[in-house]
Amino acid sequence: MSPDKILILGASGFIGRALAQRLGERAVATWNSRAVPGWHHFDATRNGIDTLPLNGVSHAIILLGNTNPDSCARDRHASDRLNIECVLQACDALGQRGIHCTFASTEVVFDGKAGGYVETDPTAAMLVYGQQKVAVEQHLTAHWPQAAIFRLAKVYGTSPGDGSLLDGWYRQAQAGGAIRCAADFISSVVHVDDVVDAFLGACQRNLSGLYHLGGPAPVSRLAMFQALLEAFAKAGTPLPAQAVGCSIDDFPTLEGRPKDVSLNNTKLVTDLSWSPRSIGQACADFVTLARGIGG
Ligand SMILES: NC(=O)c1ccc[n+]([C@@H]2O[C@H](COP(=O)([O-])OP(=O)(O)OC[C@H]3O[C@@H](n4cnc5c(N)ncnc54)[C@H](OP(=O)(O)O)[C@@H]3O)[C@@H](O)[C@H]2O)c1
């Protein structure tokens, strides 16, 4: 049976927009700084969830937060307040109303030394952002065991102009030249439409507990960009750029990055009969859409 309405806290972000679009009238969607007509303004640092129209809402998907690791590290006080305190307030208030929650956590709850992580592996977040997600996970596990926690790998789309990984590389590659990508940063990148399927499946089946929401295979950023270049070449429209391998440590960040944060998705695949698409398929889809737009 389909759940009633689904509240999306943080619907104006990359994942939330895709979710809200799929749900249509069944979404109760919020924005904070990027207004969307017909959606509801909600600033978690100022508003309680009782300011939202919760009639008929059976499920909530919690996406809101400061999602920029450097920004979280730069102002730990403010980011702790939003990413821990305010998120927990919302989760508690939703739980007390009997609304089933699914919380978006991250692959960077791990230190990236091993890779291929399963849900029972101990967390060891290097980044403040990851530590904040761990704090929420621990609270939910202790107080709201019926909630689902999805640890998301890096999410990308295949719509030119969406600002995600493939689009960013495509724009750079059109200008030509050598493009540096990390050969030592490995993630189970996952397509945003597959993420939407998983979130909606979680609501439909009232999933509870921890799940790793990653794509079908670990891939380095370098290999992913090379797959995009190959897809354009195969379609007879090669891009005038070359991929050059480097280290994730070559990019300036406030905190050192974990290297291999790949996730084993077997539990989610089994429990949801969920089948995320491959990078090869995604790159081919991107090329088709980009050529359609370019004429
Ligand atoms: N995208 C990924 O690759 C990825 C990977 C792992 C985990 N995740 C997790 O998945 C979730 C969604 O990711 P995303 O990429 O869609 O994030 P995003 O694009 O950065 O969107 C963040 C959302 O949070 C809202 N928000 C920010 N401050 C708020 C506040 N004070 N009160 C209420 N809402 C606030 C934003 O609203 P406005 O924009 O309107 O201000 C926006 O809707 C996040 O929790 C993220 O940590 C994402």
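The values are calculated or read from the model by the stated rules, or taken from the named source; none is laboratory data. This is a predicted model, so every value here is computed, not measured. Every residue, glycine among them, receives a Cβ derived from its backbone with ideal geometry; neighbour counts consider all protein chains shown. Calculation scope for accessible area: heavy atoms of the full protein, side chains included, ligands and nucleic acids excluded. Shrake-Rupley method; radii C 1.70, N 1.55, O 1.52, S 1.80 Å.
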Go through the stretch 61-100 and give me each residue that's more than 15 Å from the chain's Cα centre (by Cα), of a type in the set (A, V, I, L, M, F, W, C) and open to solvent by less than 10 Å² (accessible area, probe 1.4 Å).
C72, C86, V87, A90, C91, L94
Given the conditions (1) at pLDDT 95 or above; (2) more than 10 Å from the ligand (Cβ to nearest atom); (3) of a type in the set (S, T, Y), report the number of the one that S2 does not fulfil.
(1)
Could you please tell me which pairs satisfy a Cβ distance under 6 Å, a separation of 6+ or placement on different chains, a first residue in the stretch 274-295 that is under 17 Å from V190 (Cα atoms), and a second residue that is among the polar types (S, T, N, Q) and surrounded by 18 or more Cβ atoms within 10 Å (Cβ to Cβ)?
A282/T158; D285/T158; F286/T158
Counting only residues that are charged (D, E, K, R) and either in a loop (DSSP other than H, G, I, E, B) or farther than 29 Å from A290 by Cβ (or both), how many does the stretch 225-265 have?
5
Residues to consider are A90, A125; find the one that is of a type in the set (A, V, I, L, M) and either within 23 Å of T51 (Cβ to Cβ) or part of a helix (DSSP H, G or I) (or both).
A90
Mind telling me which of the residues L254, L289, L228, L210 ends up being open to solvent by 20 Å² or more (accessible area, probe 1.4 Å), closer than 14 Å to L166 by Cβ and modelled with pLDDT of 95 or more?
L289
State whether one or more residues within the stretch 193-210 are more than 30 Å from I6 (Cβ to Cβ) and either in contact (Cβ under 8 Å) with a residue 60 or more places away in the chain or not hydrophobic (A, V, I, L, M, F, W, C) (or both).
no
Going through (1) outside any strand (DSSP E or B); (2) over 21 Å from the mean Cα position of the chain (by Cα); (3) of a type outside the set (S, T, Y) one by one, N206 fails only at (2)
Being farther than 20 Å from D162 by Cα and within 10 Å of the ligand (Cβ to nearest atom) is the requirement here; does L9 meet it?
yes
Filter pass, R46 being more than 22 Å from A148 (Cβ to Cβ) and either assigned to a loop (DSSP other than H, G, I, E, B) or among the aliphatic types (A, V, I, L, M) (or both)
yes
Regarding the stretch 22-32, can at least one residue be identified that is part of a helix (DSSP H, G or I) and surrounded by fewer than 12 Cβ atoms within 10 Å (Cβ to Cβ)?
yes
Pick out the one residue from A124, A175 that is of a type in the set (A, V, I, L, M), more than 13 Å from the ligand (Cβ to nearest atom) and open to solvent by 50 Å² or more (accessible area, probe 1.4 Å).
A175
Give the residues of the stretch 47-102 that are away from the ligand (no atom under 12 Å from the Cβ), without any contact (Cβ under 8 Å) to a residue 60 or more places away in the chain and of a type in the set (K, R), sorted by residue number.
R76, R97
Would you please name the residue that is surrounded by the fewest Cβ atoms within 10 Å (Cβ to Cβ), looking only at residues in the stretch 269-281 that are in contact with a helix residue (DSSP H, G or I) (Cβ under 7 Å, 6 or more places away or on another chain) and assigned to a helix (DSSP H, G or I)?
G280
Taking the stated definitions as given, is Q146 surrounded by fewer than 17 Cβ atoms within 10 Å (Cβ to Cβ), touching a residue at least 24 places away in the same chain (Cβ under 8 Å) and assigned to a loop (DSSP other than H, G, I, E, B)?
yes
